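The values are calculated or read from the model by the stated rules, or taken from the named source; none is laboratory data. Source: prediction; values computed, not measured. Cβ placement follows ideal geometry from the backbone for every residue including glycine, while neighbour counts extend to all protein chains displayed. Ligands, DNA and RNA are excluded from the accessible area calculation, which covers all protein heavy atoms including side chains. Shrake-Rupley method; radii C 1.70, N 1.55, O 1.52, S 1.80 Å.
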Amino acid sequence: MMPPAVELTVSKVREALWHAEARPEAPGPTRLLGTLFHQTVAGLLAGPQAWDAVLDRDSLDDVPALVRHAYERHFGPCLSAEESKLQENGAELLATWEALKNFCGWLSRLLEAANKQGWLESRDWLVPEKPIAREFHRPGWRAPVRLLGRADCVLRDPGSGRLLLVELKLGSGPDAVHLGQAALYQALLDPSADIALVRFQPELVERLVAAQELKEAREHLLELAARLAGVAPPAPPSTEIYEELGKKLIRTLDTYGLQASLAGAPVVGPAVVRFTLLPGRGVTVNRIIARAADLGVRLGVTAPLIQVEDNRLVADLERPDRQVVDFSRIEEALREPDPLQGSAHVPLGVDLDNRVGAFSLADADSPHLLVAGTTGSGKTEWLRSAVAALLLSNTPETLRLVLIDPKFSSFQELDGSPYLWHPQALVYPAEQALTDQLDRLIEEMQARFVRFREEGGDDLAGWRARTGRPLPRLICIIDEFADLMADRRTGRAFEDRVARLGAKARAAGIHLVLATQHPDRTTVTGRLQANLPVRVCFRTATWQQSMVALKQRGAERLLGKGDLLFSFKGTLRRYQAALLGEEDRRRIFRKGIG
Ligand SMILES: Nc1ncnc2c1ncn2[C@@H]1O[C@H](COP(=O)(O)OP(=O)(O)OP(=O)(O)O)[C@@H](O)[C@H]1O
Ligand SMILES: [Mg+2]
C-alpha cells in the first residue's frame with residue numbers, strides 16, 4: 001500500500017531555492033517595506049477596501065483615485081504604525097511608493113481589459129491569495145509529496161487569455177529562483193500553461209515563461225521538494241571530485257618545493273573537505289601553512305585554512321558543491337524538554353563528520369559567550385538558530401530571554417513571546433535602555449543568591465532540584481555591542497556590568513551572549529575577553545581579529561555564511577551553522593504567542 005503523502009509548503013521550497021543561490025536576505029527595513037507593499041496590494045485586490053470601493057465600471061481608468069485610495073486606506077495607515085522603524089530608509093520608502101503607483105496603473109488597465117471581455121462581474125478570472133495544493137509522486141520516492149501553498153494572485157489575462165501569476169513582491173532576484181518559482185506554481189496550477197510572472201521593482205516587469213521552458217525546471221524542482229520532504233534520499237556525494245581536488249593540492253604544493261602526501265581519505269563536511277597532509281622529509285609545517293593564499297589562487301578556491309589539529313596537519317578546502325545545513329538537522333537532535341530543568345544546550349552546527357555539536361551554558365566553563373565575525377558572516381543566523389533550539393527545548397518556566405536587537409530585524413517575531421523575561425525584554429537600543437537591562441539582571445542575580453542561601457542549593461539547577469519549583473534560566477543576547485564600546489563612558493558602564501555578571505552569574509542561571517562585527521582590542525577589551533570564555537567565531541576581516549576572538553589566526557580564512565570555529569578551553573573545532581528558514585523561524589519564534 002502507498003504510504004500517506006508527506007506535506008510540504010511552497011514557502012519551504014522557495015526558501016531552498018534562495019539558499020541554493022546563496023543570496024543574502026534583505027535587511028530588516030527592506031523586508032518590512034516588502035510586507036507593506038504586499039499588504040497594500042492584497043487589500044486593493046480583495047476585501048472591503050478593494051479597488052471597487054472607489055472605481056466603478058465607468059471610472060476604471062481613474063488611476064489617481066485608485067492611488068489616493070491605496071494611500072489613504074492601506075499604505076498610509078500601515079506606514080504610520082511602522083514609522084519609527086523606517087526613519088532612515090527614505091529612498092527605499094519612495095521606491096516602494098513608486099512601485100505601488102505602478103501597480104495601480106497596471107490594475108486599472110487590467111480591469112478595463114476585463115470589462116471589455118464582460119468579465120468584470122464574475123470574479124473568478126482574478127483570484128488573490130489562491131490556496132493551492134497538489135500531490136506528486138515519482139518512481140523511487142518513498143511516499144508522495146503534497147505541496148501546499150498560496151499564490152499571491154492568479155489571473156487569466158483578459159488580453160491574451162494566458163495564465164498570469166502575479167507575485168506581489170518588490171525587487172529582483174536571481175533568475176534561477178524566478179524560474180523555479182514559476183515552475184512550482186505551474187506544476188500546482190496547470191502544467192500545460194505558459195506562465196507570466198509580474199513583479200514591481202519598482203517599475204512593472206512582466207516575464208513570460210513558456211510551458212516548454214519550465215519542463216526541466218519542474219522536474220528538478222520536484223526532486224528538490226522530495227528531498228526536502230524526506231521521501232527521496234539526498235543526492236549521493238560523489239567522492240571523485242574530492243579525490244581529484246586532493247591530488248591537485250599535492251601537485252600544487254610540489255610546485256612550491258613542498259613535498260607532501262595525503263594520509264587517508266578526505267573528510268567531507270557540509271562546507272569544506274578536509275585533507276590530512278603528511279609533510280615530506282625536510283618540509284616544515286609552517287612553510288605549508290604560509291602557502292595558503294597561493295594555494296587558494298592556484299586551486300581557484302578561497303584560501304584554505306591549514307592548521308595543526310590533534311597533532312595532524314589538516315587543510316580544509318572549500319567544497320565546490322557546498323551544502324546548506326537546514327535547521328531540521330538541529331531539531332532532530334534535540335531532546336525532549338525536561339519540565340523542571342529545561343535545557344541550556346546551545347547548538348553549534350554540523351561538524352566535518354556531519355555530527356550536530358552543542359555546548360551547555362550551564363557548564364561551569366562555558367557560562368558566557370562571544371560571537372564574532374565580519375558583516376554577513378552568519379552571526380545573526382546562528383543566534384537565531386540558537387534561540388530556536390533553546391525555545392524548543394524549554395518552556396517559559398525554564399527559560400527566559402532578554403534580546404538586544406540593534407538592527408530591528410534579528411528577533412522581531414519574538415515580540416510578545418512568553419519566553420521574553422518581561423514585556424520590555426526585546427530591546428531596540430537606546431544605549432541607556434541597554435545598561436538598564438543589565439542592571440536588572442544584576443539585581444536578579446543578587447536576589448537569586450539570597451534565595452538560594454535561604455532555601456538551599458548551590459546554583460540554579462541545585463535549587464530547582466531541591467525545591468522542585470521552577471525558576472527560569474535567563475539568557476541575554478546582544479546582537480552587536482560595538483556601538484556601546486565606541487563611546488568611552490557607555491563602554492566603561494557596559495564593561496563594568498559584564499564583569500559583575502561574568503564571574504558569578506552562571507550559578508544564578510544568568511548568561512550573556514555578546515555578538516560583534518568588530519572583534520578588535522578596542523571593542524573586545526581585555527576585561528570583556530576575560531569574562532567571555534567561550535567563542536563562536538565566523539569569518540573575520542583580518543587575522544588580527546582572529547587573534548582577538550580565538551587567540552590564534554585562522555578565522556580570516558573561514559568561508560562566511562555560517563562557517564565557524566568554536567573555541568573552548570584551548571581547543572578549536574570547525575562547524576557549519578544551520579540555517580533557520582523563515583517558515584521554521586515563524587513557527588518556533590511564535591511558540592506560545594496567542
Ligand atoms: N548557516 C548559514 N547557512 C547558509 N547561509 C547562511 C548561514 N548563515 C548566514 N548565511 C547567509 O549569510 C547572510 C548573512 O548572515 P547574517 O545576517 O547572519 O550575517 P551577520 O554576521 O549577522 O552580519 P551583520 O554583522 O552584517 O549583521 C544570510 O542572510 C544568509 O544568506
Ligand atoms: Mg547580524
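Would you check if PRO139 is assigned to a strand (DSSP E or B) and exposed (fewer than 14 other Cβ atoms within 10 Å of the Cβ)?
Answer is no for this residue.
Which count do you get for residues in the range 530-542 that are more than 16 Å from ligand 1 (Cβ to nearest atom), modelled with pLDDT of 95 or more and open to solvent by 10 Å² or more (accessible area, probe 1.4 Å)?
Summing the residues that are more than 16 Å from ligand 1 (Cβ to nearest atom), modelled with pLDDT of 95 or more and open to solvent by 10 Å² or more (accessible area, probe 1.4 Å) in the range 530-542 gives 0.
Please work out which residue is surrounded by the fewest Cβ atoms within 10 Å (Cβ to Cβ), limiting yourself to the range 553-591 and to residues that are away from ligand 1 (no atom under 15 Å from the Cβ) and free of Cβ contacts under 8 Å to residues at least 40 places away in the same chain.
Among those that are away from ligand 1 (no atom under 15 Å from the Cβ) and free of Cβ contacts under 8 Å to residues at least 40 places away in the same chain, it is GLY570.
Restricting to the range 503-541, count the residues that are touching a Ser or Thr at 6+ places or on another chain (Cβ under 9 Å) and among the polar types (S, T, N, Q).
Going through the range 503-541 one residue at a time, the tally reaches 4.
Can you tell me which residues in the range 459-487 are more than 27 Å from THR435 (Cα to Cα) and open to solvent by less than 10 Å² (accessible area, probe 1.4 Å)?
Within the range 459-487, TRP463, ARG464 meet the criteria.
Could you tell me whether ASP363 is over 23 Å from PRO429 (Cβ atoms), within 16 Å of ligand 1 (Cβ to nearest atom) and not basic (Lys, Arg)?
Judged against the criteria, ASP363 is not a match.
Search the range 501-521 for residues being more than 30 Å from GLY456 (Cβ to Cβ) and touching a helix residue (DSSP H, G or I) at 6+ places or on another chain (Cβ under 7 Å), and hand back the single one that is surrounded by the most Cβ atoms within 10 Å (Cβ to Cβ).
PRO519
When the range 87-131 is examined, which residues are found to be in a loop (DSSP other than H, G, I, E, B), open to solvent by 30 Å² or more (accessible area, probe 1.4 Å) and hydrophobic (A, V, I, L, M, F, W, C)?
TRP119 - this is the single residue of the range 87-131 that is in a loop (DSSP other than H, G, I, E, B), open to solvent by 30 Å² or more (accessible area, probe 1.4 Å) and hydrophobic (A, V, I, L, M, F, W, C).
How many residues are of a type outside the set (A, V, I, L, M, F, W, C), within 16 Å of ligand 2 (Cβ to nearest atom) and open to solvent by 20 Å² or more (accessible area, probe 1.4 Å) when one looks only at the range 391-428?
Summing the residues that are of a type outside the set (A, V, I, L, M, F, W, C), within 16 Å of ligand 2 (Cβ to nearest atom) and open to solvent by 20 Å² or more (accessible area, probe 1.4 Å) in the range 391-428 gives 5.
Among the listed residues THR467, THR490, identify the single one that is among the β-branched types (Val, Ile, Thr) and closer than 28 Å to GLU381 by Cα.
Just a single option satisfies the conditions, and that option is THR490.
Tell me, which residue of the range 72-86 that is in contact (Cβ under 8 Å) with a residue 12 or more places away in the chain and not hydrophobic (A, V, I, L, M, F, W, C) is most open to solvent (accessible area, probe 1.4 Å)?
ARG73
Looking at (1) closer than 29 Å to PRO533 by Cβ; (2) open to solvent by less than 30 Å² (accessible area, probe 1.4 Å); (3) touching a residue at least 60 places away in the same chain (Cβ under 8 Å), find the lone condition where LEU317 falls short.
In the conditions (1) closer than 29 Å to PRO533 by Cβ; (2) open to solvent by less than 30 Å² (accessible area, probe 1.4 Å); (3) touching a residue at least 60 places away in the same chain (Cβ under 8 Å), LEU317 misses (1) alone.
Give the range 329-388 a look and list any residue that's touching a strand residue (DSSP E or B) at 6+ places or on another chain (Cβ under 8 Å), at positive phi and within 16 Å of ligand 2 (Cβ to nearest atom), or say none.
GLY373, GLY378
Among the residues of the range 405-428, which ones are at pLDDT 90 or above, closer than 17 Å to ASP584 by Cβ and of a type in the set (Gly, Ala, Ser)?
Hit for the range 405-428 is SER417, nothing else.
Please indicate, with yes or no, whether at least one residue in the range 229-241 is in a helix (DSSP H, G or I) and in contact with a Leu (Cβ under 6 Å, 6 or more places away or on another chain).
yes
Taking the range 1-29 as the search range and keeping residues that are open to solvent by less than 50 Å² (accessible area, probe 1.4 Å) and within 16 Å of ligand 2 (Cβ to nearest atom), which one is modelled with the highest pLDDT?
The qualifying residue modelled with the highest pLDDT is PRO29.
Residue-by-condition table, conditions (1) open to solvent by 80 Å² or more (accessible area, probe 1.4 Å); (2) closer than 29 Å to GLU318 by Cα:
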position	(1), (2)
ASP194	no, no
GLN201	no, no
LEU204	no, no
ARG207	no, no
GLU213	yes, no
TYR242	no, yes
ARG251	yes, yes
GLY257	no, yes
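Suppose we keep only residues that are open to solvent by 20 Å² or more (accessible area, probe 1.4 Å) and either touching a Cys at 6+ places or on another chain (Cβ under 7 Å) or acidic (Asp, Glu) (or both) within the range 429-455. Which one would you say is nearest to ligand 2 (Cβ to nearest atom)?
Ranking the qualifying residues of the range 429-455, first place goes to GLU431.
Tell me which residues, restricted to the range 156-167, are touching a helix residue (DSSP H, G or I) at 6+ places or on another chain (Cβ under 6 Å), buried (at least 19 other Cβ atoms within 10 Å of the Cβ) and assigned to a strand (DSSP E or B).
LEU165
Taking only the range 372-414 into account, find how many residues are β-branched (Val, Ile, Thr) and within 13 Å of ligand 1 (Cβ to nearest atom).
Going through the range 372-414 one residue at a time, the tally reaches 4.
Find the helices (runs of 4 or more DSSP H) located wholly in the range 473-556 whose residues include 2 or more that are closer than 22 Å to PHE449 by Cα, and list them.
488-508
Name the single residue that is nearest to the chain's Cα centre (by Cα) among those in the range 186-205 being under 16 Å from ASP157 (Cβ atoms) and part of a strand (DSSP E or B).
Only one residue fits best here, namely ARG199.
Is it the case that some residue within the range 280-297 is within 33 Å of the chain's Cα centre (by Cα), buried (at least 16 other Cβ atoms within 10 Å of the Cβ) and charged (D, E, K, R)?
The answer is no, given that none of the residues of the range 280-297 is within 33 Å of the chain's Cα centre (by Cα), buried (at least 16 other Cβ atoms within 10 Å of the Cβ) and charged (D, E, K, R).
Residues to consider are VAL308, VAL350; find the one that is surrounded by 20 or more Cβ atoms within 10 Å (Cβ to Cβ), in contact (Cβ under 8 Å) with a residue 12 or more places away in the chain and aliphatic (A, V, I, L, M).
Result: VAL350 is the single residue among VAL308, VAL350 that is surrounded by 20 or more Cβ atoms within 10 Å (Cβ to Cβ), in contact (Cβ under 8 Å) with a residue 12 or more places away in the chain and aliphatic (A, V, I, L, M).
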